[in-house]
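What follows is a single structure, written as structure tokens, with notes after it.
What follows is calculated from the coordinates using simple rules that are stated; it is not laboratory data. Since the model is a prediction, treat every value here as computed from it, not as a measurement. Because the Cβ atoms are built from the backbone with ideal geometry, glycine has one as well, and the counts that use them run over all protein chains shown.
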Amino acid sequence: MRTSILTASVAAALSLGAASAMAASYTIDPTHTFVTFEIDHNKTSTNRGRFDKAEGSIEFDRAAKTGKVDVSVQIASVNTGTPGFDKHLQSADIFNAAQFATARFVSDQFVFDGDKVDEVKGQLTLLGQTHPVTFDADKFNCYANQMLQGREVCGGDFEATIDRTQWGSNFGVDWGAAKDVKIIIQIEAVKAE
């Protein structure tokens, strides 16, 4: 009898431990999530733009130091504040929004420095090609959002610089246009109820 009680207690403890170690799920808040980019413009200034429509999800377990993220942006939502430039970015010269309607970043590797998220490593799909990218994390935090009746929100700023030609974006390279593009993902996600 004693062995049965001990076995049942151990099983219950293991079950409780497994449940508490499960990652929480979060849905990206599109009103607080934007993907922006910066690229040198003829060594005189910096062209900047953002994608206004993003969606996705995050799984995060601070105790286990694990996480996953899946973020997609609609290419046609590119916004530089200049409609003519937006049209050119949407064209086959640059993002080819007609053929490749979305860009997507998927990660299942969060790298921690102590208790803080330091990097997020994953795969970026753009123009139909997928390559690895590592985003540096800045200000990652979780908090109780009073505007959402105290629901937990996690987010931060994530930055990476890519060589756009790796994804086949070659416009202007032959006459000296910059290859390196800085990508910044400003993201907040709300914990599922």
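Each of Leu127, Leu89 has some number of other Cβ atoms within 10 Å of its Cβ, and from fewest to most they run Leu127, Leu89.
The label point for Asp136 and the one for Lys87, both projected 7 Å from the Cα toward the Cβ, are 3.8 nm apart.
All other residues with a Cβ under 9 Å from the Cβ of Thr80 taken together, and with Lys, Arg as +1 and Asp, Glu as -1, what is their net charge? Taking every other residue near Thr80 into account, the sum is +1.
Label-to-label distance for Lys65 and Thr125 is 3.1 nm, based on points extended 7 Å past Cα in the beta-carbon direction. When you count the other C-beta atoms within 10 angstrom of each residue and take the mean per peptide, 132-143, 53-64 line up highest first as 53-64, 132-143.
When Asp29, Asp174, Asp108 are arranged by Cβ crowding within 10 Å, least crowded first, meaning fewest neighbours, the order is Asp174, Asp108, Asp29. Derived scalar couplings between HN and Hα for the stretch 145-159 equal 7, 5, 5, 10, 6, x, 5, 6, 10, 10, x, x, 10, 10, 9 Hz in order, rounded to whole Hz, by the Karplus curve 6.51 cos²θ - 1.76 cosθ + 1.60 (θ = phi - 60°), x for Gly and Pro. Local charge for Ile39 was computed over the other residues whose Cβ lies under 10 Å away, with Lys and Arg +1 and Asp and Glu -1, and equals +1. Taking each residue as 0.36 nm, the span from Gln166 to Val106 lengthens on full extension beyond its C-alpha to C-alpha distance by 19.9 nm.
Computed from the C-beta positions of Asp118 and Ala192, the FRET efficiency with R₀ = 30 Å rounds to 0.75. Over all other residues within a Cβ to Cβ distance under 14 Å of Gly150, the charged ones net out to 0, with Lys and Arg as +1 and Asp and Glu as -1.
Look at the alpha carbon pairs under 8 Å that are at least 6 residues apart: their mean separation over the length of the stretch 23-191 gives a relative contact order of 24 percent.
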